[in-house]
There are 2 protein chains.
Amino acid sequence: MSIQKPSLPKGTRDFGPIQMARRNFILDTIKETFKLFGFQQLETPAMENLSTLTGKYGDEGDQLLFKILNSGDFLKNVSPQDVQGGVATVLPKVAEKGLRYDLTVPFARYVVMNRNEITFPFKRFQIQPVWRADRPQKGRYREFYQCDADVVGTDSLICELEILLMIKRAFAKLGITDYSIKVNNRKILTGLAEVIGEKGREGELCVAIDKLDKIGWEKVQEELTQRNFTENAIAQLSPIIDLKEGNKGKLEFLKTYLSSSEIGMKGIGELEEVFELLASYGENQEHVDFDVVLARGLSYYTGAIFEVKVNNVSIGSVSGGGRYDNLTGVFGLEGVSGVGFSFGVDRIYDVMDELGLFPERNLDKTKVLITYFDQQGFTYGLKVLHKLREAGISSELYPDDAKIKKQFTYADKKQIPFVVILGDTEIAEEKVSLKDLQTGKQEILTIEGLIERVGK
Amino acid sequence: MSIQKPSLPKGTRDFGPIQMARRNFILDTIKETFKLFGFQQLETPAMENLSTLTGKYGDEGDQLLFKILNSGDFLKNVSPQDVQGGVATVLPKVAEKGLRYDLTVPFARYVVMNRNEITFPFKRFQIQPVWRADRPQKGRYREFYQCDADVVGTDSLICELEILLMIKRAFAKLGITDYSIKVNNRKILTGLAEVIGEKGREGELCVAIDKLDKIGWEKVQEELTQRNFTENAIAQLSPIIDLKEGNKGKLEFLKTYLSSSEIGMKGIGELEEVFELLASYGENQEHVDFDVVLARGLSYYTGAIFEVKVNNVSIGSVSGGGRYDNLTGVFGLEGVSGVGFSFGVDRIYDVMDELGLFPERNLDKTKVLITYFDQQGFTYGLKVLHKLREAGISSELYPDDAKIKKQFTYADKKQIPFVVILGDTEIAEEKVSLKDLQTGKQEILTIEGLIERVGK
């Protein structure tokens, strides 16, 4: 066996101890929130049949699926001529499975396969990696986690309410305070296109308006003109672009503006009801911003649309979702509607890192390292170790016979906050010396005193 | 898009809410134990370069690796003639990556790539799925979780001690009581072959002896004869086979029996020291059984060998591990020794299921469902819901306008233990009716009383 310098496939990452502790802090906070709201966890396999995955993500998505070579003699159905036929001819003969591309299609497959066992409304969350053969670049990986929550089998707007509440709770627990949950409704966008006389063109309209922040209203108008929107239509958009009032003011304005569009008014009604539910729940509208031109997933969202942006960071969009009418139609089960959203775990990690929000304490670190000078100290240390662990305090005894300085270096590098030192006096008196590495303070304690001191 | 009946790739599984809650109970218990002992979590990517994976698991392992087709035009380097060359010719041209086959090789790769940043001794745990293109059968899957803990960079026998302690703690927390941790030492097996005059043949010896429980000593002797072990060697084995005394008695016997083998005596010394450390820690030898003929991983273990068997269940072997000398030599880094072990999560799940050990309570279930008769009840329910969640009690408000019976069916199917009922009286008095679905008992409470009643 030749010796090789190992490397990682491009676009993939290892997560070492510190990163894992931080990722777990994020994921545990989100999981706890999902559970508090009655969501239950689902896990699906990394591999799905290509028949399940193909055609669900558009042509580009099909290209980006990682395909798994059939095991054994994968060439058994391939002739030399097939190679001349290219990838389209050979692929179906050599690969039947692919890696999960998102969590929505596996969820839809699960719902269809288990429709008779599932209790509807079905509230599920799922936190698993997905894989995409995208060109890797900063912040974009070939393997990354998705973290989705969906409720299917109900049209109740309490689901929309709960999405707002879960985002607010999770962010509060994570310590993210400067953010906004942008909300809109697909029906409002449909209504918008209707009342400016461009019925059915809300998709194109939104593509152009989406650039407002970047290129300004002048340029957006130019683009709309190029896309053959009428001058009159563009002029009618002006008050929408200028809409600066709060949620209530915007709703009031739109009740007049959209009054000729039945679907638009339905969208307004839905959004208003979500705000009313928020009030009944006893929660205010802080962080919740009605954004009349927010457009996401127009090919599948039919009601509410959400996007969460953290302010004053480089990549602020960290979460999104919406209501859909037809999750499982492609698998032959019609009428499964629902609402879902997704936390971007990698993005939230970057945001928290940038804002310095990771707590220094309580991040899965060993709390106490026990150090000693000789065999006698080691043996006494085992006893102290046992007591600490029985009290639920994460602790270690330095394993090797080493200079005390080396033992302290270990504590320092592992960011262990407390070091116990066991010398002859401590052993003789059945006590310990405790050094707090942050303050430098050292004190002599009984074992019970030690547990009380570091246990809080 | 044609409509298709979806299915799962063979050998893979979905984990629905109940299974996930149970799996999380197992994994959380193990994780908590690892952390208490100062182990830190690592995650590596699902995909590794084939150069990292190939040649590490023997020829059979190479066959069982799932390979990932290169993205884009995977045929660009393949000629029609290559197809005639078969899999060996085509594979290197169409696949550069494979799926993780175990957690040890990725760990070794991580250690080598990060040797300058890692603080040694490095205590890491890793809980992730692995993939093997094995023929699926009962209890054997193509995707399954491994759950490993290793310490590298120290020879201290405290690591062996901690493995025993972690297994004992995790099993106690899981409620598994009837099991034994079989321990042995590779050096004892080497010594055994030496003293019977068959030096270097401990591998063959163990393959035969391993069948003792199934086929009996007579048949094992026949097999040893067929394998050309001398009559004298076989006769000398007899007292080993008959060894029935406790750990102490076995050690005493072997000190005489192996006295002519230096390495054998070293093994005895190591094992004896582990037992002494256990005593110094203040823990007894319950569940710890020295098994002189326990043999596992003879191609890599050089010191301690562990195997955990649960008694009175169909598949009892649920965990194993040992000490190795050379984790990373294949990647060009010599001298990284350590000790590790692995919990078989699927096996532990099956054992706990068979023994009925999963706790009914506290398994990630919603605790309270709020039911109501009309819009007024729904609105009041939102307020109650808010209070419950603020108190950290997982709760739901039935989302749709439905008959109370349907709401109760939902609670029943989701195994929600408490149902709150909000009728006109309750609303008028700002109270709630609480029904305990297990006892059938119903009572009227204030909201604060409700929180106190269900919150414990």
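For A:LYS123, indicate whether it is in contact (Cβ under 8 Å) with a residue 40 or more places away in the chain, within 7 Å of chain B (Cβ to nearest Cβ) and either part of a strand (DSSP E or B) or polar (S, T, N, Q) (or both). Criteria not met by A:LYS123. Quick one: in segment A:40-63, of everything that is part of a loop (DSSP other than H, G, I, E, B) and farther than 17 Å from A:TYR145 by Cβ, which residue is nearest to the other protein chains (Cβ to nearest Cβ)? Across segment A:40-63, the extreme among qualifying residues is A:GLY55. Residues in segment B:126-141 that are of a type outside the set (Asp, Glu) and part of a loop (DSSP other than H, G, I, E, B) were compared, and the one that is surrounded by the most Cβ atoms within 10 Å (Cβ to Cβ) is B:ARG132. Apart from one condition, B:PHE229 fits all of (1) crowded, with 19+ Cβ neighbours inside 10 Å; (2) touching a residue at least 24 places away in the same chain (Cβ under 8 Å); (3) within 28 Å of B:ILE181 (Cβ to Cβ); the exception is (3).
Looking across segment B:71-88, the residues that are more than 9 Å from chain A (Cβ to nearest Cβ) and either assigned to a helix (DSSP H, G or I) or crowded, with 19+ Cβ neighbours inside 10 Å (or both) come down to B:GLY85, B:ALA88.
The residues of segment B:285-299 that are of a type outside the set (Gly, Ala, Ser) and within 16 Å of B:ILE163 (Cβ to Cβ), listed by number, are B:GLN285, B:GLU286, B:HIS287, B:VAL288, B:ASP289, B:PHE290, B:ASP291, B:LEU294, B:ARG296.
When the residues of segment A:1-34 are filtered to those that are basic (Lys, Arg) and touching a residue at least 40 places away in the same chain (Cβ under 8 Å), the one that is nearest to the other protein chains (Cβ to nearest Cβ) is A:ARG13.
Which one of these is in the same structural domain as A:CYS147 (by TED's automatic domain parsing), surrounded by fewer than 18 Cβ atoms within 10 Å (Cβ to Cβ) and in contact with a helix residue (DSSP H, G or I) (Cβ under 8 Å, 6 or more places away or on another chain): A:ILE268, A:ILE315, A:ILE305? Just one listed residue meets the conditions, A:ILE315.
Determine, yes or no, whether A:THR328 is touching a residue at least 60 places away in the same chain (Cβ under 8 Å) and buried (at least 19 other Cβ atoms within 10 Å of the Cβ).
Working: touching a residue at least 60 places away in the same chain (Cβ under 8 Å): yes; buried (at least 19 other Cβ atoms within 10 Å of the Cβ): yes.
For A:THR328, the condition - touching a residue at least 60 places away in the same chain (Cβ under 8 Å) and buried (at least 19 other Cβ atoms within 10 Å of the Cβ) - is met.
Determine which single condition A:ASP412 fails, assuming it passes every other condition in (1) surrounded by 20 or more Cβ atoms within 10 Å (Cβ to Cβ); (2) modelled with pLDDT under 95. Failed condition: (1).
Under the condition of being over 19 Å from A:PHE306 (Cα atoms) and surrounded by 17 or more Cβ atoms within 10 Å (Cβ to Cβ), the residues counted in segment A:281-291 number 1. Scanning segment B:126-139 for residues that are basic (Lys, Arg) and either farther than 19 Å from A:THR44 by Cβ or within 8 Å of chain A (Cβ to nearest Cβ) (or both) returns B:ARG135, B:LYS138.
Just name the residue that is farthest from the other protein chains (Cβ to nearest Cβ) out of those in segment A:95-118 that are of a type in the set (Asp, Glu) and within 15 Å of A:MET47 (Cβ to Cβ). So, considering only residues that are of a type in the set (Asp, Glu) and within 15 Å of A:MET47 (Cβ to Cβ), the one farthest from the other protein chains (Cβ to nearest Cβ) is A:ASP102. The criterion of at least 1 residues that are within 30 Å of B:ASP325 (Cα to Cα) is met, among helices (runs of 4 or more DSSP H) falling completely within segment B:337-454, by B:345-354. Among residues of segment A:393-418 being of a type in the set (Asp, Glu) and within 34 Å of the chain's Cα centre (by Cα), the one that is nearest to the other protein chains (Cβ to nearest Cβ) is A:GLU396.
The values are calculated or read from the model by the stated rules, or taken from the named source; none is laboratory data. Here the structure is a predicted model, which is why all the values come from computation and not from measurement. Methodologically, a virtual Cβ is constructed for each residue, glycine included, from the backbone with ideal geometry; neighbour enumeration extends over all protein chains shown.
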